[in-house]
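Asks: Following this message is one structure expressed as structure tokens.
The values are calculated or read from the model by the stated rules, or taken from the named source; none is laboratory data. Being a predicted model, the structure only gives us computed values, none of them experimental. Glycine also receives a Cβ, built like all others from the backbone with ideal geometry; neighbour counts cover every protein chain displayed. SASA here: full protein model, heavy atoms, side chains in, ligands and nucleic acids out. Shrake-Rupley method; radii C 1.70, N 1.55, O 1.52, S 1.80 Å.
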Amino acid sequence: MKDNVKEENNRSLLRRRMKETLSSLGKEYISGSSIHICEFLKKYIRSKDGVKNVFIYNSYGSEVKTDKIILFLLDGGFNVYLPIVRGDDMYAVAVNKDTKYVIGDYGISEPLGEAYTGGFDMAVTPMLAFDKDKNRMGKGKGYYDRFFASHNVKIKVGLAFSAQKAVSVYPESHDVPMDVIITEEGICG
């Protein structure tokens with residue numbers, strides 16, 4: 001019991017520290033680093049045969065910006081899916097250049113459309129923190145872990161800034177590690 005309390009305290013402290021780190025990065029750093037990260041992601045996608053269905057997040061706040069990579073995917077003929085959140089669940093909705101959007105419960109732009117229940121060749125995921133073992137810490141709601149548990153995803157890619165790397169994110173049994181993590185410094189995995 002004592003170890004569980006200590007680990008929870010460590011997770012809470014790390015989550016708070018990483019939120020502070022992200023808020024201190026500045027818009028210019030986030031914008032410039034996001035361009036580098038997206039270039040590495042494009043290179044990674046091009047190196048993978050058979051990637052057609054890509055689930056990717058619609059960035060907001062201090063997250064790695066994904067607008068340019070979404071356009072790259074749409075222009076490249078990929079099937080692109082963005083998340084929507086309803087209650088405790090996250091769903092994927094197919095998008096194209098004509099898709100209409102609304103602001104969701106968390107202030108994130110979400111596509112209008114029907115939920116897609118098939119599998120994905122790749123899922124591109126935001127992270128609050130990550131460690132050398134490619135464990136991911138999210139914002140604490142568990143949406144992505146539940147999504148990965150209920151959908152077949154061949155390659156899980158986490159996007160983050162190098163400042164988000166931690167010695168450990170204190171993963172729990174339900175946490176799903178990434179296959180690859182991409183920062184402005186390159187591709188890890």
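Asks: Just to be sure before I move on: is Phe130 of a type in the set (Phe, Trp, Tyr), surrounded by 11 or more Cβ atoms within 10 Å (Cβ to Cβ) and touching a helix residue (DSSP H, G or I) at 6+ places or on another chain (Cβ under 8 Å) in the structure I sent? Before you say what the answer is, go through the steps one by one.
Replies: Numbers: of a type in the set (Phe, Trp, Tyr): yes; surrounded by 11 or more Cβ atoms within 10 Å (Cβ to Cβ): yes; touching a helix residue (DSSP H, G or I) at 6+ places or on another chain (Cβ under 8 Å): yes.
In short, yes.
Asks: Every residue in the range 161-170 that is crowded, with 17+ Cβ neighbours inside 10 Å and free of Cβ contacts under 8 Å to residues at least 40 places away in the same chain, please. It would help to see each step written out before you state the result.
Replies: As a first pass, look at the range 161-170 and keep what is crowded, with 17+ Cβ neighbours inside 10 Å: 161, 164-166, 169-170.
Within the range 161-170, just Lys165 meets the criteria.
Asks: What are the residues in the range 87-105 that are of a type in the set (A, V, I, L, M) and either loosely packed, with under 12 Cβ neighbours inside 10 Å or touching a His at 6+ places or on another chain (Cβ under 7 Å) (or both), if any? Please lay out each step first, then the result.
Replies: The first filter runs over the range 87-105 and keeps only residues of a type in the set (A, V, I, L, M), leaving 90, 92-95, 102-103.
Selection gives Val102, Ile103.
Asks: Take Gly77 and tell me if it is part of a loop (DSSP other than H, G, I, E, B), at pLDDT below 95 and open to solvent by less than 60 Å² (accessible area, probe 1.4 Å). Write out each step before concluding.
Replies: Numbers: part of a loop (DSSP other than H, G, I, E, B): yes; at pLDDT below 95: no; open to solvent by less than 60 Å² (accessible area, probe 1.4 Å): yes.
The answer is no for Gly77.
Asks: Would you mind stating whether Val64 is part of a loop (DSSP other than H, G, I, E, B), within 16 Å of Gln164 (Cβ to Cβ), in contact (Cβ under 8 Å) with a residue 60 or more places away in the chain and touching a strand residue (DSSP E or B) at 6+ places or on another chain (Cβ under 6 Å)?
Replies: For Val64, the condition - part of a loop (DSSP other than H, G, I, E, B), within 16 Å of Gln164 (Cβ to Cβ), in contact (Cβ under 8 Å) with a residue 60 or more places away in the chain and touching a strand residue (DSSP E or B) at 6+ places or on another chain (Cβ under 6 Å) - is met.
Asks: Here are Ile181, Ile108: which of them is aliphatic (A, V, I, L, M), surrounded by 16 or more Cβ atoms within 10 Å (Cβ to Cβ) and at pLDDT below 95?
Replies: Numbers: Ile181 fails: at pLDDT below 95.
The match here is Ile108.
Asks: Does Val93 count as in a strand (DSSP E or B), touching a strand residue (DSSP E or B) at 6+ places or on another chain (Cβ under 8 Å) and closer than 30 Å to Glu28 by Cα?
Replies: Numbers: in a strand (DSSP E or B): yes; touching a strand residue (DSSP E or B) at 6+ places or on another chain (Cβ under 8 Å): yes; closer than 30 Å to Glu28 by Cα: no.
Here the answer is no, as Val93 does not meet what is asked.
Asks: Look through Asp98, Asp75 and report the one residue that is over 13 Å from the mean Cα position of the chain (by Cα), under 22 Å from Ile35 (Cα atoms) and without any contact (Cβ under 8 Å) to a residue 12 or more places away in the chain. Explain how you work it out, then say what you get.
Replies: Details: Asp98 fails: under 22 Å from Ile35 (Cα atoms).
Only one candidate qualifies: Asp75.
Asks: Additional query: I'd like to verify a number: residues in the range 135-156 that are crowded, with 19+ Cβ neighbours inside 10 Å, of a type outside the set (A, V, I, L, M), more than 16 Å from Asp89 (Cβ to Cβ) and in contact with a strand residue (DSSP E or B) (Cβ under 6 Å, 6 or more places away or on another chain), how many?
Replies: Here the count works out to 2.
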